[in-house]
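All remarks here apply to the structure that follows.
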Protein chains: 4
Amino acid sequence: MASNYKSIIENGYNLAKSLKDEGKIATYIPELANVDPSMFGVHMTKNDGTDFGIGNYKEKFSIQSIAKVLSLTLAIKTIGEKVWNRIDVEPSGTKFDSLLLLESYKGIPRNPFINSGAIVICDILITHLDNAPKDFLAFVRNLSDLPTLSYSDKIADSEKATGYRNVALCNFIKSFGNIKNDPAVVLDFYFDMCSLEMNCQQLSYTFSFLANGGRKLSNGEKIITNSQSKRINALMLTCGFYDESGEFAFKVGLPGKSGVGGGIVALYPHNYTIAVWSPKLNPNGNSFRGMKLLEEVTTHSELSIF
Amino acid sequence: MASNYKSIIENGYNLAKSLKDEGKIATYIPELANVDPSMFGVHMTKNDGTDFGIGNYKEKFSIQSIAKVLSLTLAIKTIGEKVWNRIDVEPSGTKFDSLLLLESYKGIPRNPFINSGAIVICDILITHLDNAPKDFLAFVRNLSDLPTLSYSDKIADSEKATGYRNVALCNFIKSFGNIKNDPAVVLDFYFDMCSLEMNCQQLSYTFSFLANGGRKLSNGEKIITNSQSKRINALMLTCGFYDESGEFAFKVGLPGKSGVGGGIVALYPHNYTIAVWSPKLNPNGNSFRGMKLLEEVTTHSELSIF
Amino acid sequence: MASNYKSIIENGYNLAKSLKDEGKIATYIPELANVDPSMFGVHMTKNDGTDFGIGNYKEKFSIQSIAKVLSLTLAIKTIGEKVWNRIDVEPSGTKFDSLLLLESYKGIPRNPFINSGAIVICDILITHLDNAPKDFLAFVRNLSDLPTLSYSDKIADSEKATGYRNVALCNFIKSFGNIKNDPAVVLDFYFDMCSLEMNCQQLSYTFSFLANGGRKLSNGEKIITNSQSKRINALMLTCGFYDESGEFAFKVGLPGKSGVGGGIVALYPHNYTIAVWSPKLNPNGNSFRGMKLLEEVTTHSELSIF
Amino acid sequence: MASNYKSIIENGYNLAKSLKDEGKIATYIPELANVDPSMFGVHMTKNDGTDFGIGNYKEKFSIQSIAKVLSLTLAIKTIGEKVWNRIDVEPSGTKFDSLLLLESYKGIPRNPFINSGAIVICDILITHLDNAPKDFLAFVRNLSDLPTLSYSDKIADSEKATGYRNVALCNFIKSFGNIKNDPAVVLDFYFDMCSLEMNCQQLSYTFSFLANGGRKLSNGEKIITNSQSKRINALMLTCGFYDESGEFAFKVGLPGKSGVGGGIVALYPHNYTIAVWSPKLNPNGNSFRGMKLLEEVTTHSELSIF
């Protein structure tokens, strides 16, 4: 069966690689523009303990918004369902940094994976943890078994210098009272959080607790409850890909999350976690080749939850 | 195992019944207002051929928007993926009959389950079938094994007389060129389609092909391909409950579709199909008790896809 | 002084005529597309009884939305300030047939000069007059001293056959309860009202009561009160040119109203009324040459209210 | 004639004073909440040199947004029509600090009197003047003949500490590239600009150049051209009162500008300038009593431009 998965993914990888890459590298964070656009890797971690990778799966990249799933996990672990008093769980239907819906919904972000929602999650963590940036890092180090993992100052600084729209979002939410701390402090943490770097192997391993009922694969440590894990998976399915979330559910059929660095992580509950990376993005801000690979894999297999 | 399902559902039923029903009956279609608000039934059809029901599961009700899944199925069966040239597959993020997004997206409905999308599906069927109302009815009669099933003139006429917003939607889309036939003809079919009546037992049986890879449970007849079936399930998960779709995925975690008549159908691929009915609706237009029952059932079981 | 006006307008006319006409004829009403695009005329009626015209000022054209000022006048004459219970007096800030704001404002049109507002005015007239189409025609015949003026069936039928967006608007407002009569009847009258034809001379004469405190120039007949006349002028200034209303106030500085037939009427209270016609429209739906002429005239004279 | 004006205004003042003041003091700038809500004053400066005041017309108040007309005037004086490459001249149709339209129009504010537009004006002045805050103050000191006029640090600091929405607006526009300087610097100047304090007498005198073809009443000094003056008046008429601009034009019929401090200035070109102050605001953010007084005055006189 492992060999079966492997050949399906190899076929998907080769097909996606053979396509002309129509995507464009994200340039709005200057530091991201320096990445080699031809990079392409994929790695699968199975719940049975086996794993394998193809291509540049050992090259580190900026996981960007993928980290929002981890900060949400820590927030739920910390204050439980009270998170949902300040953020909704609905797809946004519009661009990932839209202010439109924030205005209609009086400062309540539509979900924790659009920028506004992730900023409110940062605010929650700052309020409830001793030292949110340090504590969040420790949390991810434990999840990933990477004790030296650090924020990338270069990426964080690059985004801080140009992230005017996130400054706008944070202050706009503050004006509705749904940010409790100083916007500058919240944004600093937000930019740090998005600056984490991993390779595909580390990423698929880090997320495997969500395919495993909320427990770490390696030692069974309970990170969150099974029910919380299911709900985070549901959120990834409905909201993980900005305004291409429906398309991803439709074509791939797995819970997942993408980042503008070109990474995507997806998972099949009770089965496996897969991470793919290719820097060039389609018009909706998701990795062009990554989407093609995953679409190919689930179309030609039974690897979808539907 | 069958007994296990049964006791879980009985518990959910009893809990939902014990709650004060905070919902309100839909009154915008006058004929719907005549329903007994205390009705409450549930029925499960399992892929292994067993089935059971509780409460008023043999009382017929107006399935309303639930029929949109069936018309979409027939459209896909008829013209395949070309359906998606005229309708998108994204959650709308706004009220089910909003004109806002239609304006932004130049007459392309966000998905086939909001009214605008279902109206375009009707238009497609009129173009490609000899007699859309008759052929659609024949299609549902076959799916349901109910050879005498008919449109309810009383319901259809009641909605025709008051459905100004649907007239607005259809003409608005026509102004963008995405309705090809006479708006009055398209709307007549649309109101007919929404007027179908079934009971919970019939409804769960009718939808069981979607839990069975696109094939009828009774005789294995292929209605659509396995891949098409998976995609319709994905669409139900992301778009089946208007602007409560994210909430349903989050709390229930199953593909499903609701109607303003108070019916909900949901399914667990390769396992079972469940139909529930209670007429009073929550503020988002979904059955108050139906939602509670399904939430209870999947929270206290492994009956979710996540 | 009369000669002075004349030479200023002649200069404006010649300058506007010398410009390459970058406008485009309105084609969404098929019948309007048959007009000779080179037509260009202007006519001024002064309160002192003198008048003069240049170019094709004796050619009839479809006055279209300009008629909305006359139907508003009749509505105010009929039920007074109660009109404002059902329509607001604010600029819309968006396209003339937008449904966006109608949704936000629960079916209350932003002002009586956008399509939605004019449709509600038609509904008011149908409710309060014996025979709205006939009575409105009689009212305009008296204002214009044109006893044989009639609706153009050709124009009205052409618009009826293609006016899906107006059908959408009318039914959408009906769904909020702000249309009291049958939408089909309201729309018939609306399309008739917009089908009136006049030439520049007739148009400037017809509107001169608004430059004359609400009284007909010829015989002093009181059409509306001085205060009502001032308010209609204010509305023309703030809302007369769709989403170019601010631009017109800014550059021309006179109350006025345009139509997609290429006509514009404007007036300087207590002084004069001017009508100009040239069929090709700028991207905002207002006559390209007409706007240039009026801008030129008020920039090089003291002929603005500011 | 002077006595005539006076008695009309006295009547308006007395009537507005006799009404129950349904307004509410602005509290979002904490310092403004300390004002005595019973204050009510009015002052008229006529072009013929005469003037008079009633009530608390010698009490200073925070003129707030009224200052936006003065910063616009200085921007036009400095770079002329190039201002309009970065700001539009259309009414916004929505709340004064809405981000909705900014998003549709890619960072181009709808007009210079909503917050976003005034912030862009500040940015323009910073770019083109040696020291914008100092130079703007000098400009207003000359206009007002108040050589010791200063910014109110107390008001500016109070707004800086709570003005999250303006921070959001400024950074949002910056994200579209329509702010050229550091957002923090632009906002500092913006808050300073809005902190100016005058009494009704000073305010009506300061604005009288706009009723006088762009020239100071006292010495005929040319501030801007006659044509520029007319256009600023047109802008005040269409955009001076947030989303009550149409209502003000409709009921009062004069160019004017309001501030959340409860001040309003209005003018009749070639005739007079009037300033009124009463701190309690109606739901649209304009002085309740001030609006009533002006409405009364123009309804019972010929003092409207229409």
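Key figures for this structure:
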{"quantity": "Members of segment A:205-214 found to be assigned to a helix (DSSP H, G or I) and farther than 13 Å from A:G256 by Cβ, listed by number", "calculated": "A:Y205, A:T206, A:S208, A:F209"}
{"quantity": "Candidate set: segment A:215-235, residues that are in a helix (DSSP H, G or I) and of a type in the set (S, T, N, Q); chosen: the one farthest from B:G246 (Cα to Cα)", "calculated": "A:N226"}
{"quantity": "Failed item in (1) outside the structural domain of C:I224 (by TED's automatic domain parsing); (2) modelled with pLDDT of 95 or more, with C:E81 passing the rest", "calculated": "(2)"}
{"quantity": "Condition met for C:A33 (more than 19 Å from the chain's Cα centre (by Cα), among the hydrophobic types (A, V, I, L, M, F, W, C) and surrounded by fewer than 18 Cβ atoms within 10 Å (Cβ to Cβ))", "calculated": "yes"}
{"quantity": "Residue selected from segment C:84-97 under the condition facing chain D (nearest Cβ under 10 Å) and modelled with pLDDT under 85, by the criterion surrounded by the most Cβ atoms within 10 Å (Cβ to Cβ)", "calculated": "C:S92"}
{"quantity": "Options C:K68, C:K77, C:K82, C:K6; residue that is within 28 Å of C:H128 (Cβ to Cβ), of a type in the set (D, E, K, R) and over 21 Å from the mean Cα position of the chain (by Cα)", "calculated": "C:K82"}
{"quantity": "Residue selected from segment B:267-306 under the condition of a type in the set (G, A, S) and touching a Lys or Arg at 6+ places or on another chain (Cβ under 8 Å), by the criterion farthest from the other protein chains (Cβ to nearest Cβ)", "calculated": "B:S278"}
{"quantity": "Matching entry among B:F61, B:F40, B:F113 (being touching a strand residue (DSSP E or B) at 6+ places or on another chain (Cβ under 7 Å) and within 14 Å of another protein chain (Cβ to nearest Cβ))", "calculated": "B:F113"}
{"quantity": "Residue match in segment A:35-46 (condition: of a type in the set (S, T, Y) and under 26 Å from A:T299 (Cα atoms))", "calculated": "yes"}
{"quantity": "Segment C:211-228: number of residues that are facing chain D (nearest Cβ under 9 Å) and either modelled with pLDDT of 95 or more or at positive phi (or both)", "calculated": "0"}
{"quantity": "Odd one out for A:N282 among (1) closer than 22 Å to B:N233 by Cβ; (2) in contact (Cβ under 8 Å) with a residue 12 or more places away in the chain; (3) out of contact with any Pro (no Cβ under 6 Å at 6 or more places or on another chain)", "calculated": "(1)"}
{"quantity": "Conditions (1) surrounded by fewer than 18 Cβ atoms within 10 Å (Cβ to Cβ); (2) over 21 Å from A:V265 (Cβ atoms); (3) of a type in the set (A, V, I, L, M); number of the one not met by A:L146", "calculated": "(2)"}
{"quantity": "Cross-chain or 6+ apart pairs with Cβ under 9 Å, segment C:163-188 first and free of Cβ contacts under 8 Å to residues at least 24 places away in the same chain and over 18 Å from B:I29 (Cα atoms), then of a type in the set (F, W, Y) and buried (at least 21 other Cβ atoms within 10 Å of the Cβ)", "calculated": "C:Y164/B:F172; C:V167/B:F172"}
{"quantity": "All positions within segment A:64-83 that are within 14 Å of chain B (Cβ to nearest Cβ) and closer than 25 Å to A:A26 by Cβ", "calculated": "A:V69, A:L72"}
{"quantity": "Wholly within segment A:1-118, helices (runs of 4 or more DSSP H) carrying at least 3 residues that are without any contact (Cβ under 8 Å) to a residue 12 or more places away in the chain and either small (G, A, S) or out of contact with any helix residue (DSSP H, G or I) (no Cβ under 7 Å at 6 or more places or on another chain) (or both)", "calculated": "A:2-18"}
{"quantity": "Test set (1) more than 15 Å from the chain's Cα centre (by Cα); (2) at pLDDT 95 or above; (3) not aliphatic (A, V, I, L, M) - D:E302 fails condition number", "calculated": "(2)"}
{"quantity": "Single residue of segment C:146-163 satisfying the filter (farther than 17 Å from C:G259 by Cα and among the small types (G, A, S)) that is modelled with the lowest pLDDT", "calculated": "C:A161"}
{"quantity": "Members of segment B:245-266 that are among the charged types (D, E, K, R) and touching a Gly at 6+ places or on another chain (Cβ under 7 Å)", "calculated": "B:K257"}
{"quantity": "Whichever residue in segment A:229-261 is at the interface with chain B (Cβ under 9 Å from one of its Cβ atoms) and among the polar types (S, T, N, Q) and, among such residues, is farthest from the chain's Cα centre (by Cα)", "calculated": "A:S229"}
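The rows are residues; the columns are (1) in a loop (DSSP other than H, G, I, E, B); (2) crowded, with 23+ Cβ neighbours inside 10 Å.
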site: A:L254; (1), (2): yes, yes
site: A:G261; (1), (2): yes, yes
site: A:P283; (1), (2): yes, no
site: A:L293; (1), (2): no, yes
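The values are calculated or read from the model by the stated rules, or taken from the named source; none is laboratory data. Keep in mind that what you see is a predicted model, and the values were worked out from it rather than measured. Reconstructed Cβ throughout: ideal geometry from the backbone, glycine too, with neighbour counts over all protein chains shown.
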